[in-house]
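Here's the structure, in structure tokens; my notes come after.
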Amino acid sequence: MTIKKIIILFTLILFFAACARHPSRHDPVPTQQQLEWQQLETYAFIHFGLNTFNDMEWGYGDTPAETFNPSDLDCEQWVLTLKACGMKGVILTAKHHDGFCLWPTETTDYSIKNSPYKNGQGDVVGELCEACRKHGLKFGLYLSPWDRHQAEYGRSGYVEIYHRQIKELTDHYGPLFEFWFDGANGGDGWYGGAKETRSIVAENYYDYEKARGIVWKNNPDAMIFGGTVPTIRWIGNEEGRAGATLWSAYHTDFASLNDTKSLSVGFSDGEAWIPAEVDVSIRPGWFYHENENPKSLEQLLDIYYQSVGRNANLLLNFPVNQTGRISKEDSLRAMEWHQAIEGAFAENLLKGCKVIASNTRSHRFSPKHVLCDEYTHYWATEDGINKAELVFGFPETTSINTVVLKEYIPLGQNVKAFNISYYCNGKWLPVVTDETMTTIGYKRIVRFQTIHAEKLRIRFLIEKGTLCVSQVGAYNRQS
Ligand code: FUL
């Protein structure tokens, strides 16, 4: 063989090695829309309506429309405030359980048309939609299926009205990134004056498949929350806490979709990808009440770490007040919170470290990728490996109290457990933490007692598929 041939052969071998095939995906995996939704991480809820003016959480359905009278409503103030707090979008209660509609609907008189706001010419859904477009926030809607005002509630006539309301909203406002079908259903209400208790079978009554079709006609990328055919799921509580173990895989039967215990954990063998959303209010109530105060900075930080830090998205509610604005106390607290998070993750202390993996699929899936910010570049092991580790060597002893891990979920959520240890004064020690180091998913943040490390080691245990890690970060948070 001539030297020339040897060089060509060698180049070809290198070329094929570099192009080594991607690991196969392990179903279920997210759709492109679900992946983009997951990457939003934090967005806001706005609860606003008749309840705001009547000091209520669940209006009965007969509160006069004339009581909706904000003195200084400004949707741009909401959007600018939310943007400054790091929110990527906002979801508005277009109609809550009391049935009052915040847009000039044709389906009922019980709406903003019959309120003093702008002499009945206002449209809060439209105004917020416009402000979001102007300032680059995503826009979503909550439309309560339960309607305590409607005489037809419980009968087929109401389902038609409900679908028409979805059509009006999705024809006129958008694009929508999320549509919320709340889970509270049936019970006592005004129901056109009948004042009685009505119950329905939520699994069949609303024809959610049809409802989802209406939403998707003009908003094919919208996530669907709730109902029988969701693309994202409730976390199972309203306290701002995802399970320490959280699989995005889930079962699609209605019983599982309503089982609060399973919702917060998921199923490692779930047949569908239905990632979790944590909804919680910055105050005790969803609607504004003068005598309530925002949660403390510590509580809000815990909520962040127990939602975004556990592979869920955070939907943080801001109750707009009677003037029609987000209260100063809420916006100041939320900004403080956002700055604390930004500060905590400003510097990844692993950048520039030497990284060694116990196993690597090929050069193309090098462990170095876990230190680059590009989500699509990841470290992968060979197939069939169910344990692997990464070791990072610091140029000098480094203080750390937080680790962030991200799996490359387009190929599945595959890690079942991990552990973190560090090398100091000649020995390996485990980090000290109350946190359970089980699943990772899109993003996992672990807080622990500050360590002074010469090296950091992360060991992974794989449940299924191939280990694919997109990012690893180590930080020294101050709050
Ligand atoms: C619940 C509702 O009953 C609350 O009022 C609130 O809207 C919350 C987000 O969902 O199911």
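Computed from the coordinates by the stated procedures, all read-outs in this text should not be read as laboratory data. This is a predicted model, so every value here is computed, not measured. Cβ atoms come from the backbone with ideal geometry, glycine included; neighbour counts cover every protein chain shown.
Using amide H atoms built in the peptide plane, which far-off residues or other-chain residues are under 5 Å from Lys88 H to H?
Thr42, Tyr43, Ala44
Taking θ = phi - 60°, what integer Hz values does the Karplus form 6.51 cos²θ - 1.76 cosθ + 1.60 yield along the range 277-293, in sequence order, with x for Gly and Pro?
With coefficients 6.51, -1.76 and 1.60, one gets 10, 9, 10, 7, 9, 5, 10, x, x, 7, 9, 6, 9, 3, 7, 9, 10 Hz.
Would you please put 311-323, 453-465, 221-233 in order of how densely packed they are, using the mean number of other Cβ atoms within 10 angstrom per residue and starting with the highest?
Details: 311-323: 24.2, 453-465: 18.9, 221-233: 21.2.
By packing density, highest mean first, the sequence is 311-323, 221-233, 453-465.
Once amide H atoms are built 1.01 Å from N in the peptide plane, which residues 5 or more positions from Phe48, or in another chain, come under 5 Å H to H?
Result for Phe48 returns Thr93.
Scan around His26 for amide H atoms under 5 Å from its own, H built in the peptide plane at 1.01 Å from N, and keep only partners 5 or more places away or cross-chain.
HN-HN under 5 Å from His26: Gly412.
Angle, helix 75-84 long axis vs. longest principal axis of the chain, Cα atoms, 0 to 90°, nearest 10?
On a 0 to 90 degree scale, this one is about 20.
Suppose only helical runs count, i.e. DSSP H with n ≥ 4. What mean residue ellipticity at 222 nm does that imply for the chain under -39500 (n - 2.57) per run, divided by all residues and rounded to the nearest 500 deg cm²/dmol?
-7000 deg cm²/dmol
Please figure out what share of the DSSP beta bridges in the chain is antiparallel and state it in percent, rounded to the nearest 5.
Working: 45 of 76 bridges.
So the antiparallel bridges in the chain amount to around 60 percent.
If one takes the longest principal axis of the Cα atoms in the chain, at what angle in degrees, from 0 to 90 and to the nearest 10, does the Cα axis of helix 328-344 lie?
10 degrees
State, as an integer percentage, the relative contact order of the chain based on alpha-carbon contacts under 8 Å between residues 6 or more apart.
On the way: 1101 pairs, mean separation 78.6, N = 479.
Across the chain, relative contact order equals 16 percent.
When the Karplus curve 6.51 cos²θ - 1.76 cosθ + 1.60 is applied with θ = phi - 60°, which whole-Hz ³J(HN,Hα) does each residue of the range 122-136 get, with x for Gly and Pro?
x, 7, 5, 4, x, 5, 6, 4, 5, 4, 5, 4, 4, 10, x
With the cut-off at 1.5 for a/c, could you classify the range 354-475 from its C-alpha gyration tensor as rounded, prolate or oblate?
Numbers: a/c = 1.73, a/b = 1.44, b/c = 1.20.
In terms of gyration-tensor shape, prolate.
With a ≥ b ≥ c the root eigenvalues of the C-alpha gyration tensor of the chain, is it rounded (a/c under 1.5), prolate (a/b larger than b/c) or oblate? Mind showing how you got there, number by number?
On the way: a/c = 2.36, a/b = 1.87, b/c = 1.26.
Cα axes put the chain in the prolate bin.
Report the net charge of residues surrounding Tyr43, where surrounding means a beta-carbon distance below 12 angstrom and charges are Lys +1, Arg +1, Asp -1, Glu -1. Write out the running numbers ahead of the final one.
Values: positive: Lys83, Lys88, Lys138; negative: Glu41, Glu178, Glu277, Asp279.
Surrounding charge for Tyr43 is -1.
Peptides 143-151, 259-267: what's the order by average Cβ count within 10 Å, highest mean first?
Details: 143-151: 23.7, 259-267: 17.6.
Ranked from most to least packed, the peptides come out as 143-151, 259-267.
By its C-alpha gyration tensor, with a ≥ b ≥ c as the square roots of the eigenvalues, how is the range 165-212 shaped: rounded for a/c under 1.5, else prolate for a/b larger than b/c, else oblate?
Working: a/c = 2.73, a/b = 1.83, b/c = 1.49.
Prolate shape, in that a/c is at least 1.5 and a/b is the bigger ratio.
May I ask you to order 101-110, 366-375 by the average number of other C-beta atoms within 10 Å around their residues, highest value first? Mind dumping the intermediate values first?
Numbers: 101-110: 19.6, 366-375: 16.5.
Answer by packing, highest mean first, reads 101-110, 366-375.
Show me, for the range 106-120, the HN-Hα J-couplings you get by feeding each phi into the Karplus relation (A = 6.51, B = -1.76, C = 1.60, θ = phi - 60°), rounded to Hz, glycine and proline as x.
8, 7, 7, 7, 7, 8, 4, 4, 9, 10, x, 4, 6, 6, x
What number, in percent, do you get for the relative contact order of the range 74-184 if the mean sequence gap of Cα pairs under 8 Å and at least 6 apart is divided by its residue count? Don't skip to the end; give the middle numbers.
On the way: 158 pairs, mean separation 34.8, N = 111.
Relative contact order of the range 74-184: 31 percent.
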